[in-house]
Each structure stands twice: as C-alpha cells, then as structure tokens.
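For reference, the structure is listed below as structure tokens.
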Amino acid sequence: NFWVAYKAYAGYAPRFQGYMRGSHNTYLNVAVELGIVGFLLMSAALVSQLRSVSRLRARLGKLPIQVVALESSCWSMLVFGFFGDMLWTKPFWLNWMLLLMAVRLAEELFDAAPLRRGSGAVVA
C-alpha cells in the first residue's frame, strides 16, 4: 500500500508535505498495487464502458445530452489520472456508474420506442 510506505519515509524529505499523500498517478498506483493483471483488468473495464458509448452513438446517431456530459466527465477523470490518484475516491467511480446507467437507459428507451410508419423517426 503506497500510503503505508509513504508514511514511513515522509519525514526524511527536505520539505515535509504531509502524511496522507497518494501516488503520483492512478495508472502507476494500479500497476504497482494490483500488478499487470489488475492493470489490464481495469483498462479492459474502462475501455469496455467507453465502447458501449460509441456503440450507442452508432445506433442512435446522436447521443442524449446527459450521456455526452457523463462521457466527457469520464474522459476528464482519465486525463486527471495522469496527474493524481483518484482510484479509490467516490467521484471517480460515481462518474463511471452514472455513465453505465445512462447508456443502459438510453438503450432501453430506444428499444421500447415504436417507429412511425413510413418516416423512420423514433417517437419518444
């Protein structure tokens, strides 16, 4: 655990930063603590979720604004992962859970909507 190791050596630095500091980035944290298998599993889960959004985009043509907002927040969490460790925080996982639910809801609404005869437009 990075925090335990950091706490043992925190006082030896020229400038004291505090005891409860995370690792340098999320990806380094996952690779060190969970190993290559854990890193590959986390990467596969995140890629799978982002692929479900692109499949929904291909299916609907245009995404609902809520899905677009949640997808952009997930991308921002991935970018922030290069600069800080957010893996075990609520905001990181909340974004991914909300995106999962929004994609699933959009798929169900699309499947349940009847098609108008002749026009091909979806009625909500």
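The values are calculated or read from the model by the stated rules, or taken from the named source; none is laboratory data. Note that the coordinates shown come from a computational prediction; the quantities given were computed from them, not determined experimentally. Neighbour counts run over all protein chains shown; Cβ positions are idealised from the backbone, glycine included. Surface accessibility is based on the protein's heavy atoms, side chains included, excluding ligands, DNA and RNA. Shrake-Rupley method; radii C 1.70, N 1.55, O 1.52, S 1.80 Å.
The table for this structure:
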| quantity | calculated |
| --- | --- |
| Residues within the range 77-100 that are assigned to a helix (DSSP H, G or I), under 15 Å from residue 27 (Cβ atoms) and open to solvent by 50 Å² or more (accessible area, probe 1.4 Å), tallied | 2 |
| Total residues in the range 25-46, condition surrounded by 13 or more Cβ atoms within 10 Å (Cβ to Cβ), farther than 15 Å from residue 85 by Cα and small (Gly, Ala, Ser) | 1 |
| The lone exception for residue 49 - which of (1) open to solvent by less than 50 Å² (accessible area, probe 1.4 Å); (2) at pLDDT 95 or above; (3) under 19 Å from residue 29 (Cβ atoms) it fails | (3) |
| Tally of residues being open to solvent by 30 Å² or more (accessible area, probe 1.4 Å) and either touching a Phe, Trp or Tyr at 6+ places or on another chain (Cβ under 8 Å) or among the aromatic types (Phe, Trp, Tyr) (or both) across the range 60-76 | 2 |
| Verdict on residue 55 being among the charged types (D, E, K, R), without any contact (Cβ under 8 Å) to a residue 40 or more places away in the chain, in a helix (DSSP H, G or I) and open to solvent by 70 Å² or more (accessible area, probe 1.4 Å) | yes |
